[in-house]
Amino acid sequence: MTDDQTAYRRASRRRFLGQAAWVAGLSATAGYAALAPPRFPLSLRDPDGERGKPKPARMRLPEGGYAVDPHPTAAHLGIARGQNIGKMVRAAVDAIGGIAHFVQKGDVVVIKPNVAFERAAPLGATTDPAVLSALISLVRSAGAREVRVADNPIEAPEACFVRSGLQQAAVAAGARVYLPAPNDFQILQTPGASLIEHWEFFARPFIGATKVIGVSPCKDHNLCGASMTTKNWYGLLGGRRNQFHQDIHTIIADLALMVRPTFVLLDGVRVLYRSGPTGGSLADVKPGHTVVASTDSLAADAFGWQMLLERTEQPLPGYFQKAHNRGLGEPEFRTLRLKEVRVG
Amino acid sequence: MADPRPISVDKDGRVHLAAFQPNRDGSPWYARSLRITTVRVISQAFFFGLFVFLLWATWFSRLGGYPVSLFLELDPLVGFATAVSTHTVYRWLWRALFVLVPTLLLGRVFCNWMCPYGTLHQFVGFIFNIRGNRDNIRANRYRSAFQLKYLLLTVFLVMAAFGSLQIGLLDPICLLVRTFAVAIMPASDLAVSDLAGRMQRQGVDLDTTALLFSPGISEARVFAGAWFVGLLIVGLVGMNLVIPRFFCRVLCPLGAMLGVLSRFAMFRIDRDLTKCTDCDLCLKGCEGAADPQAALRKSECFVCMNCLDDCPEGAISFARAPLPVLDRIQGEIRAGTATLFGIPLKSRIPDTERMVPDVPRRRWLFASLGGLVAFPFLRLSKAVNARGFHEKAIRPPGSVAEPEFLERCIKCDQCINVCPTNVLQPSTLEQAGLEGLWTPVMDFSVGFCQLNCTLCSEVCPTGAIQKTPLARKLGLDEYADQGPVRVGTAFFNRGRCLPWAMETPCVVCEEVCPVTPKAIGTYDETITRWDGQQVTLNRPYMRPELCIGCGICEHECPVLDDAAVYVTAIGETRDDGRTLLLDTTKQANVETNSKVRRP
């Protein structure tokens, strides 16, 4: 055997061993990934197809919600009447204990207005920008670190926020506006809810939030009678929310369970008394000159139904009783401590 | 002697940067970088950036007065072809003069200095070019296939004269705007929001608003046929690897139009026959395949100026009104004794200029005949014919009647880009046939026409969607007599409607109906269900006099796949031949409104 041949054989043996190592290594890796039991690290094995299904992020809001202990002496329902919106908002909150009772230094506060439709503020389908602006200022004056304004409107979100004036009002008052984006939704778990134990929820603004305040207009609603502070939380839902009209009163009761707010404001500066919830004509709107604050959204809504929509002749819509039965509020607002003030 | 290394230190310890060394001929370092081709690259980058910026600004919260359809309005083919089809020049289309006049002075400068699509092609060809000099020179020689663009232009213009505007299929600006709107920008948004979502789950909350082309929406946008529009541009851009500037040289009808016009150009590339050694290196980077080494084809030259850089003899210049010099040459070229003004010729190729496109007259004629027969072939299709266009060819509010629409729409899809609810979709062959391919139609399973929105009419460059003030859309103030703009009429399918067919409460449609009083009413009835429960059903019905066809009812209907309330185009106000209800208020106007309709 010549030297050349020896060298060639040596080289070819090395080459064979190298190739064999690749074959063995790749086979072993593929075999491990495909066959190792699922609990093993780096195993890809999926014996019944369940492992491959997507697992959407799930979340919960804090136990007990965002409520604070009720003020020992203040009213449950603060009603401010007048012309000056800034003063009305402050007076209504003062009546239920003052902003310092609800918001402390360092809080991250989510404010949920109703921005459902692309409508100018005077048409009454959305929260009044002056009310939102006054509320943000009030919250900031109490030392909140961050104020977030969030809603998932039915019409195009940017247009709704701008046309209603709420975008400009929120930004000018120093809040950050959260418009919904495809990745902002997570499955919210609400134990005890009838229809939305697991439902897509506009989660992003709630990450790190410590207080939640709802501020909604007082308006007629074609199906559930009236859309006020409780129905307002509907705007945080995502997914196939248009199915809820098949059982509208149950879903509103669920909403009262889903979000336990720090407090709510019912913006009765004007009242959309017919053709709701969209409205669209000034003829559908009448002045209300009222702002109501409460830690009990059912009480605030019952006040709105009777005193602002002036439907004293008609019984309260079904969702009041459903929510009350679950201990989520007191529709008989006259049994609560009320404080009514008149400001300039 | 300059050190070839990028950074060097001489024996005195001084640092020398190669970038700042003087040239061999003694000219200063910046003569290397301040070349005309560098200025050209800066211009291309600027216009490409401006193009993307304007498309980014084509969104509700960003419009703020920007001329977002500027590139479409600058496009002389858009201005000219719509003038041919409509005999008018709409709104901002006079801006095409900004391209027309430079072309008449300088030739096809648009193609290599402004056109964002040309820039894209050149850039991709540059990045992925693996050819050596010899192959580059071969790839940049003129081929007879480059005639095709002139023939396509002829077909399109003849069709435009009959009222079918098809330039948008291949016009580079229309094509690129459409591709951005329908494929590139949504794809980018998908990537950005997916990344942001991943970051968010890791606890990093980034504000991606500025990075998104369509921010503030809760669901990713979808576009009918995005796959085709997207793959088309991949294919066209990919062709640069086979034939450099394939689209620009072979297909571009705008380039063809500018090529025809450039015969008048006062400036052109000029080759000095007394310096040229016929080395062909000027072809190495010739974007237009314009034969600078021989008789310059003015109609093909993109004025990229690469030949100025590449000529080792300094024989090429961009000169004012150079004359063909063939008859000034004295002596025998072949014998090497020829002189020009007493200076010996080096080049053996005395031709210097070819003014008009190299298309035989019979081929112009053939293309014209092609356009002549293409018009009836397309128009006889039922989808776009006045006798029966498609019930789902629901045009955006403010659109002119269908025959006029087809004279104007350039399929640029800016309306689709700006639409905040995503309801506007590029038409497939189904709704508008081949003639109306990629024109805007509404798909209410995707979105709805927002009541207070008129953005599509704002951005439309050609008036296919006529500029429509909100008062006109809603029928308010001075438009009260005309009533609101209706794009169609909603119908109930009682067989699929929950309260009508399934003993189940619903009426989302009534809730969201945006007009007041609402166009959807209900018959309220309490019934005993199959299981004995008492249930109150609000059974909806239409009030057609009030319906404007906005389709929010169809979009919000929980019967998702085939909605129980749905809109079709009947009743649209843009055409008096498409009314549904007898309108007694309009009787007096019948004579002025009716016009002879073409098939």
Single match in B:CYS276, B:CYS307 (criterion: within 21 Å of B:ARG141 (Cα to Cα) and assigned to a helix (DSSP H, G or I)): B:CYS307
Any hit, region B:207-225, residues being surrounded by fewer than 20 Cβ atoms within 10 Å (Cβ to Cβ) and either away from chain A (no Cβ under 14 Å) or closer than 28 Å to B:ASP351 by Cβ (or both): yes
Filtered residue count, region B:524-539, keeping only those that are away from chain A (no Cβ under 12 Å) and either assigned to a strand (DSSP E or B) or in contact with a strand residue (DSSP E or B) (Cβ under 6 Å, 6 or more places away or on another chain) (or both): 7
Among residues of region B:366-404, those that are open to solvent by 20 Å² or more (accessible area, probe 1.4 Å), in a loop (DSSP other than H, G, I, E, B) and aromatic (Phe, Trp, Tyr), counted: 0
Complete set of residues in region A:164-186 that are open to solvent by less than 30 Å² (accessible area, probe 1.4 Å) and touching a residue at least 60 places away in the same chain (Cβ under 8 Å): A:ALA175
A:ASP284 vs. criteria of a type in the set (Asp, Glu), within 14 Å of another protein chain (Cβ to nearest Cβ) and touching a strand residue (DSSP E or B) at 6+ places or on another chain (Cβ under 9 Å): yes
Residues located in region B:336-363, provided they are farther than 19 Å from B:ALA265 by Cα, open to solvent by 50 Å² or more (accessible area, probe 1.4 Å) and either part of a loop (DSSP other than H, G, I, E, B) or in contact (Cβ under 8 Å) with a residue 12 or more places away in the chain (or both): B:THR337, B:PHE341, B:GLY342, B:ILE343, B:PRO344, B:LYS346, B:ARG348, B:ILE349, B:PRO360, B:ARG363
Within region B:110-121, tally of residues that are buried (at least 24 other Cβ atoms within 10 Å of the Cβ) and either in contact with a strand residue (DSSP E or B) (Cβ under 9 Å, 6 or more places away or on another chain) or over 12 Å from B:ARG40 (Cα atoms) (or both): 3
Region B:428-441: number of residues that are in contact with a Pro (Cβ under 7 Å, 6 or more places away or on another chain) and under 19 Å from B:GLY549 (Cα atoms): 1
All positions within region B:552-570 that are farther than 17 Å from B:VAL446 by Cβ and more than 31 Å from the chain's Cα centre (by Cα): B:ALA564
Within region B:405-523, strands (runs of 3 or more DSSP E) holding 2 or more residues that are of a type in the set (Phe, Trp, Tyr) and either within 30 Å of B:VAL84 (Cα to Cα) or open to solvent by 20 Å² or more (accessible area, probe 1.4 Å) (or both): B:489-492
Some residue of region B:160-175 being more than 19 Å from the chain's Cα centre (by Cα), at pLDDT 95 or above and open to solvent by 20 Å² or more (accessible area, probe 1.4 Å): yes
The one condition in (1) under 24 Å from A:PRO331 (Cα atoms); (2) surrounded by 23 or more Cβ atoms within 10 Å (Cβ to Cβ) that A:PHE201 fails to fulfil: (1)
Subset tally (residues that are in a helix (DSSP H, G or I) and either closer than 30 Å to B:ASN422 by Cβ or not assigned by TED's automatic domain parsing to the domain that holds B:ASP171 (or both)) for region B:40-78: 17
Breaking point among (1) modelled with pLDDT of 95 or more; (2) open to solvent by 40 Å² or more (accessible area, probe 1.4 Å); (3) under 30 Å from A:PRO56 (Cα atoms), for B:ASP189: (2)
All positions within region B:545-561 that are open to solvent by 70 Å² or more (accessible area, probe 1.4 Å) and within 13 Å of another protein chain (Cβ to nearest Cβ): B:LEU560, B:ASP561
Subset tally (residues that are closer than 18 Å to B:ASP291 by Cα and either part of a loop (DSSP other than H, G, I, E, B) or open to solvent by less than 10 Å² (accessible area, probe 1.4 Å) (or both)) for region B:251-267: 6
Residues of region B:524-560 that turn out to be in contact (Cβ under 8 Å) with a residue 24 or more places away in the chain and of a type in the set (Asp, Glu), as a count: 3
Conditions (1) at the interface with chain A (Cβ under 10 Å from one of its Cβ atoms); (2) under 24 Å from A:THR278 (Cα atoms); number of the one not met by B:MET542: (1)
Selection from region A:243-281 of residues that are touching a His at 6+ places or on another chain (Cβ under 8 Å) and within 14 Å of chain B (Cβ to nearest Cβ): A:GLY276, A:PRO277
Qualifying residues in region B:302-335 (those that are exposed (fewer than 13 other Cβ atoms within 10 Å of the Cβ) and of a type in the set (Asp, Glu)) - the one nearest to B:THR119 (Cα to Cα): B:ASP327
Residue list for region B:273-298, filter: open to solvent by less than 20 Å² (accessible area, probe 1.4 Å) and in contact (Cβ under 8 Å) with a residue 60 or more places away in the chain: B:LEU273, B:CYS276, B:LEU283, B:GLY285, B:CYS286, B:GLY288, B:ALA289, B:ALA290, B:LYS298
Which numbered condition B:ILE42 fails, given (1) loosely packed, with under 13 Cβ neighbours inside 10 Å; (2) among the hydrophobic types (A, V, I, L, M, F, W, C); (3) modelled with pLDDT under 95: (3)
Filtered residues of region B:479-519 (kept if more than 7 Å from every other protein chain (Cβ to nearest Cβ) and more than 39 Å from the chain's Cα centre (by Cα)): B:ARG494, B:GLY495, B:ARG496, B:CYS497, B:PRO499, B:TRP500, B:ALA501, B:MET502, B:GLU503
Members of region A:1-21 that are surrounded by 10 or more Cβ atoms within 10 Å (Cβ to Cβ) and either charged (D, E, K, R) or within 30 Å of A:ARG51 (Cα to Cα) (or both): A:ARG9, A:ARG10, A:ARG13, A:ARG14, A:ARG15
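The values are calculated or read from the model by the stated rules, or taken from the named source; none is laboratory data. Remember, it's a predicted structure, so these values are computed and weren't measured experimentally. So basically every Cβ, Gly included, is an ideal-geometry build from the backbone, and we count neighbours across all protein chains shown. The protein model used for the area step is the full one, side chains on, heavy atoms only, and it has no ligands, DNA or RNA in it. Shrake-Rupley method; radii C 1.70, N 1.55, O 1.52, S 1.80 Å.
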